[in-house]
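In what follows, a structure is listed as structure tokens, so that the remarks can point back to it.
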Amino acid sequence: MALCGGVGAMALPSELIVHIFSFLSDRDKLRASAVCSRWRECLFYPALWTELKLRIGGGCNGSGPSSDETPKLEFLMRKFGSFVRELQLELPPGPDDDPQLSEQRRDATATYLDQVLCVFTSIRNNRNLQKLSLYGDTFILQQEGLLDSSNLLQIHQGDKKINEIQQLFMELLSNSRQLQWLSCSFMLGLVTPCSLTCLSNPSAETLQHLSLLDHQLGPLISPSELDRLSNLRSLALDFSDLTSELCSLLASPRRTPLHRLSLLLNGAALEFKPLEGTATEDDWKALVRVSANLRVYIMALEVDSSELLRVLKPSLPLERLHLDSYSTLVTDATLELISQQYNKTLTHFLLLRDGPDFSDLSVNRNEDPLVLLAWRCTQLAVLVIHGYTVWSHNLVAISRLRGSSLRVLTGDPVHNLVKEVSLGLGRVWHPCLDSSLVLSEPTQHFHRELHTFSMGM
């Protein structure tokens, strides 16, 4: 559209064009940059790209990292990597565990290494970076044990690339000056037990959130490095890495009180990451005395009830609990303990099972343990059940007990109860289970939820 006097929009000052473009989405900015060189110059102004969120590859076929995405990633990182303040990168789940897909898995891993190299080569000297959130591919990059050198030898220069990635990551930490959020979840070979020793002193002072999740490696943070991070307000670790010593450090009165703690308990990893030496009941009591507002989020994957009973200490201030499994059954005794111990703190409870049969937790009981949980847990706002039998009258009872305070009530469809449950909740109830909650890759759900949970501090 022409301006008054026949002067075109190209005559507008660059500052005004940049302000107008600030209202566009990232995708539209990139499209608009192809219009002309003037627009391209304005659209790549640093103020327009303080935050970058990227999800690389994947798609409906779950093919994992795609080499077709690499040129796009290189372009974006070349343009913005040196000054972006917030970077979020996700690599989606890859092919399932099929021997015929071993070549495809190797190709996806090789692409992953190239893409991670591209990212860290671009951001290693970025001193403005305040938030870095990375999520890798647990299917390809963890279950197959690709950290083993014999597997990496199948990938061209695999071991060399892993070493280079680790060096670039440590260089980034050393160059950082105002890092506030560092989250690394299941990134193949990225974080080592020595990585955080390179974190600069200024970033050690400014860091408020740290997330280090990995199924295979041992502890990724030592007590001495945790002691440097005295202003942490939220932390996410594998449950087995929260040792009694780390918990005692977090309970020091010299530190900023911890507000959010997210813990991942993976049953398959307990064989090589046992629970011995983890936080005791006394450790939790000491931590809660110093961090009175502390809330804990636990996700347990394929964990036996006996192991759950070991970790669910009475003094643990549990706010969110997600139990996910295929073959392992949660017992009614476990639900009984949860509803009694955390009746004042539990707000989110997800009980998901993808097995072929639907277990009935109310067998040989006068009261359904899920109904008792809804009755006792007065702060309960989210209840999601899948893979377990919930009888019609119990579902109605849950809706009436919690009423409008239960923001989310989700279970396997019982369409003939919509009216009764809606009356109990005080709003229209949608009974169909959100497919995004029944995840083939539950750790990705945990990664995203702990982000929201930690931001809630």
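Residue-level check: of (1) open to solvent by 10 Å² or more (accessible area, probe 1.4 Å); (2) modelled with pLDDT of 95 or more; (3) under 30 Å from Trp375 (Cβ atoms), Asp282 misses just (3).
Scan segment 16-69 for residues that are hydroxyl-bearing (Ser, Thr, Tyr) and either at pLDDT 80 or above or part of a loop (DSSP other than H, G, I, E, B) (or both) and jot them down.
Answer for segment 16-69, where residues must be hydroxyl-bearing (Ser, Thr, Tyr) and either at pLDDT 80 or above or part of a loop (DSSP other than H, G, I, E, B) (or both): Ser22, Ser25, Ser33, Ser37, Tyr45, Thr50, Ser63, Ser66.
Matching residues to (1) in contact with a helix residue (DSSP H, G or I) (Cβ under 7 Å, 6 or more places away or on another chain); (2) over 15 Å from Leu409 (Cβ atoms); (3) surrounded by 18 or more Cβ atoms within 10 Å (Cβ to Cβ):
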position	(1), (2), (3)
Lys344	no, yes, no
Pro356	no, yes, no
Val363	no, yes, no
Asn366	no, yes, no
Leu370	yes, no, yes
Trp375	yes, no, no
Thr378	no, yes, no
Thr389	no, yes, no
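Sub-7 Å Cβ pairs linking a first residue in segment 246-264 that is open to solvent by 30 Å² or more (accessible area, probe 1.4 Å) to a second residue that is part of a helix (DSSP H, G or I) and of a type in the set (Val, Ile, Thr), at least 6 apart or interchain, are Pro253/Val290; Pro257/Val290, ordered by first then second residue. For segment 400-413, taking the residues that are in a loop (DSSP other than H, G, I, E, B) and farther than 16 Å from Leu372 by Cβ, the one that is modelled with the lowest pLDDT is identified as Pro413.
So if I check each of Arg228, Arg233, which one is more than 22 Å from the chain's Cα centre (by Cα) and either open to solvent by 40 Å² or more (accessible area, probe 1.4 Å) or within 17 Å of Leu275 (Cα to Cα) (or both)?
Numbers: Arg233 fails: more than 22 Å from the chain's Cα centre (by Cα).
When all the criteria are applied, what remains is Arg228.
Which of the residues belonging to segment 217-262 are small (Gly, Ala, Ser) and in a loop (DSSP other than H, G, I, E, B)? Explain how you work it out, then say what you get.
First, pick out the residues of segment 217-262 that are small (Gly, Ala, Ser): 218, 222, 224, 230, 234, 236, 240, 244, 248, 251-252, 262.
Selection gives Gly218, Ser222, Ser230, Ala251, Ser252.
Can you go through Pro202, Pro253 and tell me which one is modelled with pLDDT of 95 or more, of a type outside the set (A, V, I, L, M) and over 29 Å from Glu441 (Cβ atoms)?
Values: Pro253 fails: modelled with pLDDT of 95 or more.
Matching residue, one of Pro202, Pro253: Pro202.
If you go through segment 391-407 and keep only what is open to solvent by 20 Å² or more (accessible area, probe 1.4 Å) and not small (Gly, Ala, Ser), you end up with Trp391, His393, Arg400, Leu401, Arg402, Arg407. Can you say whether Arg310 is open to solvent by 50 Å² or more (accessible area, probe 1.4 Å) and in contact with a Lys or Arg (Cβ under 8 Å, 6 or more places away or on another chain), as far as the supplied structure shows? So Arg310 fails the test. Selection of segment 134-182 for residues being at pLDDT below 80, β-branched (Val, Ile, Thr) and either within 22 Å of Phe83 (Cβ to Cβ) or open to solvent by 20 Å² or more (accessible area, probe 1.4 Å) (or both) yields an empty set.
Which one is surrounded by the most Cβ atoms within 10 Å (Cβ to Cβ) among residues in segment 326-342 that are of a type in the set (Ser, Thr, Tyr), more than 28 Å from Leu258 (Cβ to Cβ) and without any contact (Cβ under 8 Å) to a residue 60 or more places away in the chain?
Looking at residues that are of a type in the set (Ser, Thr, Tyr), more than 28 Å from Leu258 (Cβ to Cβ) and without any contact (Cβ under 8 Å) to a residue 60 or more places away in the chain, I get Thr331.
Restricting the first member to segment 19-42 and to residues that are open to solvent by less than 50 Å² (accessible area, probe 1.4 Å), and the second to residues that are charged (D, E, K, R), the beta-carbon pairs closer than 6 Å and six or more apart or on different chains are Ser33/Arg40.
In segment 287-302, is there at least one residue being open to solvent by 50 Å² or more (accessible area, probe 1.4 Å), acidic (Asp, Glu) and free of Cβ contacts under 8 Å to residues at least 24 places away in the same chain? Looking through segment 287-302, none of the residues is open to solvent by 50 Å² or more (accessible area, probe 1.4 Å), acidic (Asp, Glu) and free of Cβ contacts under 8 Å to residues at least 24 places away in the same chain.
The values are calculated or read from the model by the stated rules, or taken from the named source; none is laboratory data. This is a predicted model, so every value here is computed, not measured. Virtual Cβ from ideal backbone geometry, glycine too; neighbours counted across all protein chains shown. SASA here: full protein model, heavy atoms, side chains in, ligands and nucleic acids out. Shrake-Rupley method; radii C 1.70, N 1.55, O 1.52, S 1.80 Å.
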